[in-house]
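Structure first, then comments.
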Amino acid sequence: MAALLAVAAPRAVAAVHTQALAERLAEHPASELDLTTTTRFGPDPGPSTRGTTLPDDVEAVWGGQEERMADIRALLPEPLRGATGDPISVAVAGPVKASIPSAGPGSPVYRIQPGFDPRMRDHLELVEGAWPAPLPGPVQQSFDGPIEIVLAESAAGSLDWRPGEVRVAEYPNGALDVRLSGTVRAADADDGFWTHLPTALRASVVDNGISPPEYTAVAWFDPASWPAFAPQALALEMSAWIPIDTRAVTAEDAPELATQLGEVASASFALGRGQWIEVELPDAPPGSFQPYAAIATVGQVAFSSGMRDTLDAAVASAAAVDAVLAMIASGPIGVAIAVVVLGARVVFERRRGGLELAAARGASPARLRGGLLAEGLAVGIPASGIGALLAVSATPGASGEHGWWIAVLFALAPAALLVARASELSPLRRARADLDASGGRIRVVVEAIVILVAAASCALLLQRAASGAAPTGIDPLTAAAPCCSPSRHACSCCGPTRSR
């Protein structure tokens, strides 16, 4: 029973803490928990060196970025790396007005945010129409036909834009014809991906009741067309993040995860070369002072996550609960220790006669100790093993290693206690306990040891509290400390005091 409780209690408490932590994390969107970086610079275009699963045309543009993100994830320490998913990168430009040619002055204002997602066809499903075609050339050069985009089904309804319809995107340096080639929907609407892009699935609406309402939504371009569209991407915001899988976050790992998130937040990573790419403008007027434009690509970035604060709060809350549970557990632990000690004493006294007879017939001390050791192990190991197995089966899927060493101690305690008393066996005479002069000295030594252990446990607890390094779950040191109080009753197993 003691082994069962020693193993089951920490596992059950760890499971409760993990569930409480999961509920805390569920209160926050993925965009607050993921390791995220946001920059005003565009991706550094180019293929990967090891290859990716992207389509060939997209790989030629976004492959290097995806590979560098995978390398950054590989640098994360465990257990943080094990709690993350495949990295994601998305570039979204600032909103531009997409006007209906025949619209009147009081008509609603429609705006689109040009978006580029290298995994667009993994995150979206086509509902109507066709996927957008790649741009035939750089936007600063004239070409036949409008640019094609797709909108989320709900966003297209808000913008009153039907597939096949052409509108005019108004840029400071000219207008671009834009055609809605199709509508899409999320492949998984519950994916945390969409919390990073609030206007990707549904349009934002600004209606103050005075001016015409304004609708804004992300318009998805063919991702391989990024280099051709880059000169036109005003107010760009590129987000790259490493998703956190909250199902892999446990209360036991919470303190270490919080520390690792802080270390990652203080480091910088190379997401690109941080270079300027010149874009020639062949139609620039003669004598222009800016015959070219320049596109800045991403360089060094830093990642941050709001999960660290949530983990710190969960660890502090769990520590307070564990302190109370440990004090409650100290009572049963003391009773269990007393039962084991007194039980071993009873067994020894019952076996004393047979063992002394064996000693009188020539049994060596080593043989007597071996017999006591075998009897103690035969009692302790099966009982503790069954208790531990029952504890594991009663708490499936839970973690918690603190109770296992207590179960091992309970398994070995009967054998150790029996062997320790082997020196009391005498084939010639049996000493009277009430006349044993050495009993007082033994009692003093044991009490001194108890006092030293109690002082050491208190010092360790105070040092741990000062450093904030308390583990999650019931701390065996906290639970055992009250049992080490220097009470004279704690030494009752040493035998009665000498009477006079």
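The values are calculated or read from the model by the stated rules, or taken from the named source; none is laboratory data. Because the structure is predicted, anything quoted here is derived from the model rather than measured. Cβ: placed from backbone, ideal geometry, glycine included. Neighbour counts: every protein chain shown.
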Of all residues being of a type in the set (Gly, Ala, Ser) and surrounded by 21 or more Cβ atoms within 10 Å (Cβ to Cβ) in the stretch 320-345, which is modelled with the lowest pLDDT? Just the residue, please. Ala329
From the list Glu214, Glu165, which one is touching a strand residue (DSSP E or B) at 6+ places or on another chain (Cβ under 6 Å), acidic (Asp, Glu) and farther than 23 Å from Glu125 by Cβ? Glu214
Mind listing whichever residues of the stretch 306-321 are in contact with a helix residue (DSSP H, G or I) (Cβ under 8 Å, 6 or more places away or on another chain) and assigned to a helix (DSSP H, G or I)? Met307, Arg308, Thr310, Leu311, Asp312, Ala313, Ala314, Val315, Ser317, Ala318, Val321
Look through Asp34, Asp86 and report the one residue that is acidic (Asp, Glu), within 28 Å of the chain's Cα centre (by Cα), farther than 16 Å from Gly274 by Cα and surrounded by 14 or more Cβ atoms within 10 Å (Cβ to Cβ). Asp34
Return yes or no: is Tyr110 crowded, with 18+ Cβ neighbours inside 10 Å and over 17 Å from Leu197 (Cα atoms)? yes
Check on Glu148, surrounded by fewer than 17 Cβ atoms within 10 Å (Cβ to Cβ), of a type outside the set (Val, Ile, Thr) and touching a Lys or Arg at 6+ places or on another chain (Cβ under 8 Å): no
Qualifying positions in the stretch 45-63 - in contact (Cβ under 8 Å) with a residue 40 or more places away in the chain and surrounded by 20 or more Cβ atoms within 10 Å (Cβ to Cβ): Leu54, Val58, Val61, Trp62
When you look at Glu66, is it closer than 30 Å to Ser266 by Cα, among the acidic types (Asp, Glu) and surrounded by fewer than 19 Cβ atoms within 10 Å (Cβ to Cβ), yes or no? no
